[in-house]
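Visitor: The structure that follows is given in the form of structure tokens.
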Amino acid sequence: MRVKITLLPINDREQEILIPLDFRHHFISLLKSILTESQLFKRFELEKPGYSPYVFSVTFKDIVSINGSTGEMLVKTPVYVNISTGLFDAMTEICNGAIKMREQTTVLGLQVKDIQLMPLIKIKSSQVIFKTIGHAVFRVSEGYLNGDDLSLLEESINYQLQTKAQFLDQQLRFDISPDSMATVKVLTETSCRKGVCLHYGGKLTTLQGFFHLKGSPETLQFLYDYGIGSRGGQGFGLLEVVRQI
């Protein structure tokens, strides 16, 4: 299940605005505000909240320019916050919270203008080509991955997949047993490039591009619903389906 929240400047007109390159933590704050009256808000009060029951990404109508020296970029609005989860209750709380914030000023001088539920996509194939919406973060014991080694990428995907499924099963009413989460295979047609994102004042090595994955439809659906890699609740790892094979 997915929802797209549209944000516009206070004057209610599409325009170009400056936002920091390290922008994701602002939208984490937005989600906290949206979920203030929900059961999900409890996770924000924990020192170590663990895996998020949703994944999100922030996109823009257009990126006009990036200024590394000032740490800002010029973007065209609207700004879109795309949120995905496999939990009906979680999606209901997100949508209800966003509706209550409609027309209110939120982060970066933006206000919620529209909340749109997106068409439901069901994975029915054992092979899917996914594309990242924004950036994804993958880590193994040696550090963050740059995409050069597909075997390490596969190891990272499967580790996060299994541990995330187990965590969500323990913490939430989860409709898929972690035991049903089979491993996925990263096929050689995968094509991704290295990126770098500013995040909470530091730098993260990320990947963007296309991931050709093979696995059970249930496992691939889980990746679609909850994101790939780590830091899904911080704005990384949201996928869209390019093609089911």
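Visitor: Hey, any hits in the range 231-243 for a residue that's modelled with pLDDT of 95 or more, out of contact with any Leu (no Cβ under 6 Å at 6 or more places or on another chain), farther than 19 Å from Met91 by Cβ and surrounded by fewer than 18 Cβ atoms within 10 Å (Cβ to Cβ)?
Guide: Checked the range 231-243: at least one residue is modelled with pLDDT of 95 or more, out of contact with any Leu (no Cβ under 6 Å at 6 or more places or on another chain), farther than 19 Å from Met91 by Cβ and surrounded by fewer than 18 Cβ atoms within 10 Å (Cβ to Cβ).
Visitor: Are any residues in the range 84-123 farther than 29 Å from Gln244 by Cβ, touching a strand residue (DSSP E or B) at 6+ places or on another chain (Cβ under 7 Å) and in contact (Cβ under 8 Å) with a residue 60 or more places away in the chain, and if so, which ones? So that I can check it myself, show each step before the final result.
Guide: So in the range 84-123, the residues farther than 29 Å from Gln244 by Cβ come out as 93, 96-113.
Now narrow it down to the ones that are touching a strand residue (DSSP E or B) at 6+ places or on another chain (Cβ under 7 Å): 98-99, 101-106, 108-113.
Matches in the range 84-123: Ala98, Met101, Thr105, Thr106, Leu108, Gly109, Leu110, Gln111, Val112, Lys113.
Table: residues versus (1) modelled with pLDDT under 95; (2) among the aliphatic types (A, V, I, L, M); (3) in a helix (DSSP H, G or I).
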position: Phe167; (1), (2), (3): yes, no, yes
position: Gln170; (1), (2), (3): yes, no, yes
position: Phe174; (1), (2), (3): yes, no, no
position: Asp179; (1), (2), (3): yes, no, yes
position: Ala182; (1), (2), (3): yes, yes, no
position: Thr188; (1), (2), (3): yes, no, no
position: Thr205; (1), (2), (3): no, no, no
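Visitor: Can you find a residue that is within 27 Å of Gly201 (Cα to Cα), touching a helix residue (DSSP H, G or I) at 6+ places or on another chain (Cβ under 8 Å) and in a loop (DSSP other than H, G, I, E, B) anywhere in the range 54-61? Quick ask: steps written out before the conclusion?
Guide: In the first step, residues of the range 54-61 are kept if they are within 27 Å of Gly201 (Cα to Cα); the result is 54-61.
Going one step further and asking which of them are touching a helix residue (DSSP H, G or I) at 6+ places or on another chain (Cβ under 8 Å), we end up with 54-56, 58.
Retained after the next criterion (residues that are in a loop (DSSP other than H, G, I, E, B)): 54.
Checked against the condition, which is being within 27 Å of Gly201 (Cα to Cα), touching a helix residue (DSSP H, G or I) at 6+ places or on another chain (Cβ under 8 Å) and in a loop (DSSP other than H, G, I, E, B), the range 54-61 yields at least one hit.
Visitor: Then there's this: Do we find that Leu74 is surrounded by 14 or more Cβ atoms within 10 Å (Cβ to Cβ), in a loop (DSSP other than H, G, I, E, B) and in the same structural domain as Leu7 (by TED's automatic domain parsing) in this structure?
Guide: Numbers: surrounded by 14 or more Cβ atoms within 10 Å (Cβ to Cβ): yes; in a loop (DSSP other than H, G, I, E, B): no; in the same structural domain as Leu7 (by TED's automatic domain parsing): yes.
It is false that Leu74 is surrounded by 14 or more Cβ atoms within 10 Å (Cβ to Cβ), in a loop (DSSP other than H, G, I, E, B) and in the same structural domain as Leu7 (by TED's automatic domain parsing).
Visitor: So if I check each of Lys42, Lys76, which one is modelled with pLDDT of 95 or more and within 26 Å of Ile115 (Cα to Cα)? Even if it seems obvious, please write down each step before you answer.
Guide: Details: Lys42 fails: modelled with pLDDT of 95 or more.
When all the criteria are applied, what remains is Lys76.
The values are calculated or read from the model by the stated rules, or taken from the named source; none is laboratory data. These numbers were taken from a predicted model, which means no experiment stands behind them. All Cβ positions, glycine included, derive from the backbone under ideal geometry; neighbour counts span all protein chains shown.
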